[in-house]
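Engineer: My questions all concern the structure below.
The values are calculated or read from the model by the stated rules, or taken from the named source; none is laboratory data. Fair warning: this is a prediction, and the values are worked out from it, not measured in the lab. All Cβ positions, even for glycine, are placed from backbone atoms using ideal geometry, and neighbour counts span all protein chains on display. For accessibility, only protein heavy atoms count, side chains too; no ligands or nucleic acids. Shrake-Rupley method; radii C 1.70, N 1.55, O 1.52, S 1.80 Å.
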Amino acid sequence: MDIYEAIKKRRSIRKYISKPVEEEKLKRVLEAGRLAPSGKNVQAWKFIITRDVGLKDKLIEACKGQKFMKEADAIITVCVNEEEVYQYHGNYMTSFAVDGAIALQQMMLAATAEGLGTCWIGAFYEKDVKKILDIPAPYRVIGLTPLGYPAERGRDRGRKPLKEIVYNEKWGNSYN
Ligand SMILES: Cc1cc2nc3c(=O)[nH]c(=O)nc-3n(C[C@H](O)[C@H](O)[C@H](O)COP(=O)(O)O)c2cc1C
């Protein structure tokens, strides 16, 4: 599957079958995250794979009871060391959230190419997720996704047309 097909095919998947994800597929998905760009190439991220049913139950609670997450074989949590990134950038700006978001999105697209489903989970209580997964203080949780074999194709939620979101040269000039 090429990159354009994966981008088009990816949907938020909220129903999964109970089939385990093969280790080699999981590795390729993680590799897509590992290869993501980050500010100054700091790579201050950790990806946590959670398959334990008890931990998944707790994570679901921390994600405002999004029960569908449990059906998926695994939950991936992306966290980034906020302090390390800030220091690396000379204590004047940060890219920790962007870094983590790129890594998570690359994993989600790779998962699509592998025939797997994902769903960005941004609704979570960060303090609770950190406690459940023993994530140390300087790390911030960027997002989570269930990862598993989809039991649905996902809904086409539609997108705004380019002419509504692209300007030519300067703000306000329409782009054809
Ligand atoms: C930052 C962010 C947070 C999101 N949080 C959630 C969430 O907590 N639960 C959920 O079911 N979907 C969540 N989504 C999925 C969006 O609802 C979904 O991407 C959007 O409706 C477009 O649908 P699509 O992903 O199928 O193209 C989130 C997406 C993003 C980018």
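Engineer: Only one of Ala110, Ala123, Ala103, Ala151 is away from the ligand (no atom under 14 Å from the Cβ), open to solvent by less than 80 Å² (accessible area, probe 1.4 Å) and under 16 Å from the mean Cα position of the chain (by Cα). Can you tell me which?
Structural biologist: One residue alone meets the criteria, Ala110.
Engineer: For the list (1) more than 15 Å from the ligand (Cβ to nearest atom); (2) part of a helix (DSSP H, G or I), I need the number of the one condition that Val98 fails.
Structural biologist: Only one criterion in (1) more than 15 Å from the ligand (Cβ to nearest atom); (2) part of a helix (DSSP H, G or I) is unmet by Val98, namely (1).
Engineer: Exactly one of (1) open to solvent by 30 Å² or more (accessible area, probe 1.4 Å); (2) within 16 Å of the ligand (Cβ to nearest atom); (3) not acidic (Asp, Glu) is unmet by Ile60. Its number?
Structural biologist: Result: Ile60 passes all but (1).
Engineer: Go through region 4-33 and report how many residues are away from the ligand (no atom under 16 Å from the Cβ), touching a residue at least 40 places away in the same chain (Cβ under 8 Å) and open to solvent by 90 Å² or more (accessible area, probe 1.4 Å).
Structural biologist: 2
Engineer: Now for a separate question. It is to be established whether one or more residues within region 126-141 are in contact (Cβ under 8 Å) with a residue 40 or more places away in the chain and either within 11 Å of the ligand (Cβ to nearest atom) or loosely packed, with under 11 Cβ neighbours inside 10 Å (or both).
Structural biologist: No - not one qualifying residue is present in region 126-141.
Engineer: Which numbered condition trips up Val80, out of (1) of a type in the set (A, V, I, L, M); (2) outside any strand (DSSP E or B); (3) touching a residue at least 24 places away in the same chain (Cβ under 8 Å)?
Structural biologist: The one condition Val80 does not meet is (2).
Engineer: I've got another one for you. Answer yes or no as to whether Ile132 is assigned to a strand (DSSP E or B) and either within 18 Å of the chain's Cα centre (by Cα) or under 23 Å from Ile60 (Cβ atoms) (or both).
Structural biologist: The answer is no for Ile132.
Engineer: Given the residues Thr118, Thr94, which is the only one that is β-branched (Val, Ile, Thr), in contact with a helix residue (DSSP H, G or I) (Cβ under 7 Å, 6 or more places away or on another chain) and buried (at least 20 other Cβ atoms within 10 Å of the Cβ)?
Structural biologist: Only one candidate passes the filter, namely Thr118.
Engineer: Among the residues of region 52-77, write down those that are outside any helix (DSSP H, G or I) and not acidic (Asp, Glu).
Structural biologist: Matches in region 52-77: Cys63, Lys64, Gly65, Gln66, Ala72, Ala74, Ile75, Ile76, Thr77.
Engineer: Collect the residues in region 75-129 that are among the aromatic types (Phe, Trp, Tyr) and closer than 15 Å to Thr145 by Cα, keeping them in residue-number order.
Structural biologist: Answer for region 75-129, where residues must be among the aromatic types (Phe, Trp, Tyr) and closer than 15 Å to Thr145 by Cα: Trp120, Phe124, Tyr125.
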